[in-house]
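The values are calculated or read from the model by the stated rules, or taken from the named source; none is laboratory data. All values reported here derive from a predicted model rather than from experimental measurement. Note that we place each Cβ from the backbone using ideal geometry, even for glycine, and neighbour counts take in every protein chain shown.
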Amino acid sequence: MTQRKRIAVIAGDGIGKEVIPQALKVVEAAGAAVEFTEFDWGADRYLADKTTAPPDGFSNLARDYDAILVGALGDPRVPSNIHAKEILLGMRFKMDLYANVRPVRLMDAALCPLKDVEPKDVDFVVIRENTEGVYGDVGGVFKQGTADEVAIQEDINTRKGVERIIRYAFEYCAHHKKLDGSPRQRVLMCDKSNAMTHAGGLWQRVFKEVAAEYPKIETQHMYVDALCMQMVRDPRPFDVIVTNNMFGDIVTDLAAGLQGGLGMAASGNLHPGKTSMFEPVHGSAPPIAGKNIANPFGAILTAAMMLAHLGMAAESAKIEAGVLEAVRQKKITADIGGTMGTWEAGDWLAERIARR
């Protein structure tokens, strides 16, 4: 008998509470051997008792669960969003989830804003360093509120952190294929080393050293501004992109526009061999929360990504095929050209997958 994988579920805030239930019922419809445990971490709990994550929360997740599925965190009732910061960044930093992996795949040409671009033209992945950079919250403010105010935000790059994310990118390229079954062949490193010479210099040196260990993989370098321009001009040459925390955050949202917007984008925050966290990237979207109009497919595809990570390739493929069918039959939400609500789209997909 297959041992069921234990999944911690944090629906969180805003539309997270709407899209995560759709992901859960689709996973169950696919027949995945999983067991869900829901956590109430989010704005509601923070407003009730000032708890962001319990003191033993992250150690509990790492010890007792195989993966974590997160909806979205952020609520205007908590202006500082301290709960979102402590939960999301807490998981990434305290659980050392150093690799943020964002697949960029176009399911149907109708979803791409670029002219004459087909699904085969948009099939790459962005691998973002997830525990360093300017998101380490190192810095401070001096003479705040005066004309002489100074704000400093430090960009932290360690040899260990840079090397392991670059090596992860090469390993990913070596062991993953494109949707058409062809091998991945190229790793592109993106930085701004012409302006950020110290951090960029470290990334440049390490990239060259690690690349030498993978002679069969092509390498390329682009400055982040040039990469953004090329990505919207012609996305076809891209394969595996590796970059730092801040540039990765920006580039992946731009890339999401190529596949139908943030509502279609999946992501994983990974540490090989350890409990990893998966979250759609669209955020809590307070203006549309509770209106049954949020796109659930980003959450559903994130769940499929999680299943693949846990070794359930067949169930993951079943979900992705179902989403593709939904897109082609326009059983989708209004943001990507359909007329269905969040719950109706989830129900349609779950029923279709269960029938298969």
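Values computed for the structure shown
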item: Subset tally (residues that are among the small types (Gly, Ala, Ser) and either in the same structural domain as residue 321 (by TED's automatic domain parsing) or under 23 Å from the mean Cα position of the chain (by Cα) (or both)) for region 171-198; result: 2
item: Members of region 2-37 found to be buried (at least 24 other Cβ atoms within 10 Å of the Cβ), out of contact with any helix residue (DSSP H, G or I) (no Cβ under 6 Å at 6 or more places or on another chain) and small (Gly, Ala, Ser), listed by number; result: 12, 16
item: Strands (runs of 3 or more DSSP E) within region 86-167 that include 3 or more residues over 22 Å from residue 200 (Cβ atoms) and in contact with a helix residue (DSSP H, G or I) (Cβ under 8 Å, 6 or more places away or on another chain); result: 99-105
item: Contacts under 7 angstrom Cβ, first residue in region 116-138 being at positive phi, partner in a strand (DSSP E or B), 6 or more apart; result: 133/156
item: Search result, residues across region 319-344 that are closer than 14 Å to residue 107 by Cβ, among the hydrophobic types (A, V, I, L, M, F, W, C) and crowded, with 17+ Cβ neighbours inside 10 Å; result: 319, 323, 326, 327, 332, 336
item: Pairs with Cβ under 6 Å, 6+ apart, first in region 212-228 and polar (S, T, N, Q), second assigned to a helix (DSSP H, G or I); result: 219/211
item: Among (1) out of contact with any Leu (no Cβ under 6 Å at 6 or more places or on another chain); (2) outside any helix (DSSP H, G or I) - the single one residue 325 does not satisfy; result: (2)
item: Residues that are under 18 Å from residue 280 (Cβ atoms) and in contact with a helix residue (DSSP H, G or I) (Cβ under 9 Å, 6 or more places away or on another chain), drawn from region 325-340; result: 326, 327, 332, 333, 335, 336, 338, 340
item: Count of residues meeting criterion [exposed (fewer than 15 other Cβ atoms within 10 Å of the Cβ) and either within 23 Å of the chain's Cα centre (by Cα) or not assigned by TED's automatic domain parsing to the domain that holds residue 157 (or both)] in region 199-219; result: 0
item: Filtered residues of region 70-104 (kept if on the phi > 0 side of the Ramachandran plot and within 15 Å of the chain's Cα centre (by Cα)); result: none
item: Exclusive hit being more than 25 Å from residue 248 (Cα to Cα) and out of contact with any Gly (no Cβ under 6 Å at 6 or more places or on another chain), set 304, 308, 321, 289; result: 321
item: Qualifying positions in region 299-314 - out of contact with any Ser or Thr (no Cβ under 9 Å at 6 or more places or on another chain), assigned to a helix (DSSP H, G or I) and crowded, with 22+ Cβ neighbours inside 10 Å; result: 299, 300, 301
item: Residue in region 57-69 that is crowded, with 18+ Cβ neighbours inside 10 Å, more than 21 Å from residue 309 (Cα to Cα) and either under 16 Å from the mean Cα position of the chain (by Cα) or not assigned by TED's automatic domain parsing to the domain that holds residue 21 (or both) present; result: no
item: Residue satisfying condition, being in contact (Cβ under 8 Å) with a residue 12 or more places away in the chain and in the same structural domain as residue 72 (by TED's automatic domain parsing), within set 301, 262, 254, 258; result: 301
item: Subset tally (residues that are under 15 Å from residue 171 (Cβ atoms), of a type in the set (Gly, Ala, Ser) and not in a loop (DSSP other than H, G, I, E, B)) for region 263-275; result: 1
item: Exclusive hit being among the acidic types (Asp, Glu), modelled with pLDDT of 95 or more, in contact with an Asp or Glu (Cβ under 8 Å, 6 or more places away or on another chain) and assigned by TED's automatic domain parsing to the domain that holds residue 46, set 123, 75; result: 75
